[in-house]
Structure formats: C-alpha cells, structure tokens
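The values are calculated or read from the model by the stated rules, or taken from the named source; none is laboratory data. Small disclaimer: the values here were computed from a predicted structure and weren't measured. As a convention, Cβ positions derive from the backbone with ideal geometry for all residues, glycine included, and neighbour counts pool all protein chains shown.
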Amino acid sequence: MEKRPFEIGTAFARIEEAVRPWPKAALFQLAEEGYTSVFEQLLACMISIRTYDEVTLPVSRKLFARARTPAQVAQLSWEELDALISPSTFHERKANQMLAIAREVEASFGGILPGDRDLLLSFGGVGPKCANLVLGVACGTPVISVDIHVHRVTGRWGYVSASTPEKTLAALEAKLPQEYWIDINRLLVPFGKHICTGNRPRCSTCPVLDMCQQVGVLEHR
C-alpha cells in the first residue's frame, strides 16, 4: 500500500482520540491530580526511572501523602523515605538522591525548586529525559522528552531516523514543530504501550497506518 506523506498534526489528532481509553503517562496523570510543582514532578520522574507507570503512580501518591515539599521531604529519615518508595527500582539510591535534592532546594532556594534545566541536570540521578519531562509538565516549557516509546514510534513512522533516544531528541528538535514538543511524550507513551508496541505492533488498529512507513516492522497484528 502506498503511503501518504506523514502529516504530524493529523497524526497527533488521530492519536489523541485513539489513546483516550488508555491510562495517561504517569507525570501527566499526577499533574491532573494537582501534583504540579517542579519539585513534585521531579520526584515522580525519579521514581519512574526503570519503573512501570503502574508502580510509579501509587508510589508517588504514597510519598506525596506523607511529604510534598522540599522541607517535608528533607525532614524524613533515609529509612522512611526508602520505605515509601521501595516498590520503585533502585529505590535505595533514589532515596539518597531525593534527600540531597530536598535539602539543597531548602537551603539554597528557599524551598522552591526553580524550573531551570541546568539546575535540574546538576542533581544526581536526573538526566536530560527527566529534566525535559519535568519542565514540560510542570512549567509548560517547550522541550521534548524522548523515552523508549517516543524513540521507537517516531523511527517506525519514518519521521526521523536515529539510532539512540539521544539522537532522536536532536532529530525531533530539528524537525518537529514546537507546538508538539510537550505533547509528543504525553501521546506516544500510551500509544507505544498499547498500539505501536515493541513486539508485534497492532498495525491493524493503528490510526496513522496510512502514513506510517513501518520501519523495522517484520511482524504485526
């Protein structure tokens, strides 16, 4: 079947409708629940590293029920914080990192974490994907957060061609209109989980099949 040119606005509109029945990506769901500060979003993003959203959401809610601000987190013992986030992968290391961040924000910024990318990246345990996602969700800053779903889906479309998520980020920054920079993670996480899956994607139910080049797809449903 000959494919029509890939029109990103049309694709996003169709995907918005297609993912409506599925759970939202964790940080966007938490923001809807009122956890919108840069600090809250940063802690939730750290919890989410190497951890499924199905675990990230209840763990984040449990932590925030106990402590939401840098001052409150800084007052926790390592043992209590570690216990609160223990279902998360690498929770011992994350507890150390979170305590260090909370104490620095309290001491240096009066308890309010600024939405500054360089500052976020200076913290242990925070990489570009996490920093960008936090800035996009908490601050509305136009940045692209590329996780494995965004990397896989945009490459499969043939929209960009890059060998790593880091290279996909650079390619998308050069090509994707800025109005879609935040939404690409919000939409492609559930889309990549439930439709454009890693193995045997559900191409028969894909809303953008007429535009997708199906790069690397050897078997699909």
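Figures for the structure shown
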read-out: Matching option when the condition is among the basic types (Lys, Arg), surrounded by fewer than 21 Cβ atoms within 10 Å (Cβ to Cβ), out of contact with any Gly (no Cβ under 6 Å at 6 or more places or on another chain) and without any contact (Cβ under 8 Å) to a residue 24 or more places away in the chain, among Arg50, Arg66, Arg93, Arg117; value: Arg66
read-out: Check on Ala171, in contact with a Phe, Trp or Tyr (Cβ under 9 Å, 6 or more places away or on another chain), touching a residue at least 40 places away in the same chain (Cβ under 8 Å) and either over 23 Å from Arg4 (Cβ atoms) or of a type in the set (A, V, I, L, M, F, W, C) (or both); value: no
read-out: Condition check for Ile184: at pLDDT below 95 and closer than 24 Å to Leu30 by Cβ; value: no
read-out: Which listed residue is touching a Pro at 6+ places or on another chain (Cβ under 6 Å) and either within 20 Å of Ser48 (Cβ to Cβ) or in a helix (DSSP H, G or I) (or both), from Val146, Val137, Val153, Val189; value: Val146
read-out: Failed criterion for Glu179 (all others in (1) surrounded by 15 or more Cβ atoms within 10 Å (Cβ to Cβ); (2) within 21 Å of Glu32 (Cα to Cα); (3) modelled with pLDDT of 95 or more hold); value: (1)
read-out: So Glu54, is it of a type outside the set (A, V, I, L, M) and within 22 Å of Ile148 (Cβ to Cβ); value: yes
read-out: Positions within segment 152-176 being more than 20 Å from Leu209 (Cβ to Cβ) and either crowded, with 20+ Cβ neighbours inside 10 Å or in contact with a Gly (Cβ under 8 Å, 6 or more places away or on another chain) (or both), in sequence order; value: Ala162, Thr168, Leu169, Leu172
read-out: Where Ala138 falls short, out of the listed (1) over 20 Å from Thr56 (Cα atoms); (2) in contact with a Phe, Trp or Tyr (Cβ under 9 Å, 6 or more places away or on another chain); (3) in contact (Cβ under 8 Å) with a residue 40 or more places away in the chain; value: (1)
read-out: Selection count, segment 33-59, where residues are among the β-branched types (Val, Ile, Thr) and not in a helix (DSSP H, G or I); value: 3
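Residue-by-condition table, conditions (1) among the hydrophobic types (A, V, I, L, M, F, W, C); (2) assigned to a helix (DSSP H, G or I); (3) touching a helix residue (DSSP H, G or I) at 6+ places or on another chain (Cβ under 7 Å):
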{"position": "Pro23", "(1), (2), (3)": "no, no, yes"}
{"position": "Phe28", "(1), (2), (3)": "yes, yes, yes"}
{"position": "Arg61", "(1), (2), (3)": "no, yes, no"}
{"position": "Gln72", "(1), (2), (3)": "no, yes, no"}
{"position": "Leu81", "(1), (2), (3)": "yes, yes, yes"}
{"position": "Gln97", "(1), (2), (3)": "no, yes, yes"}
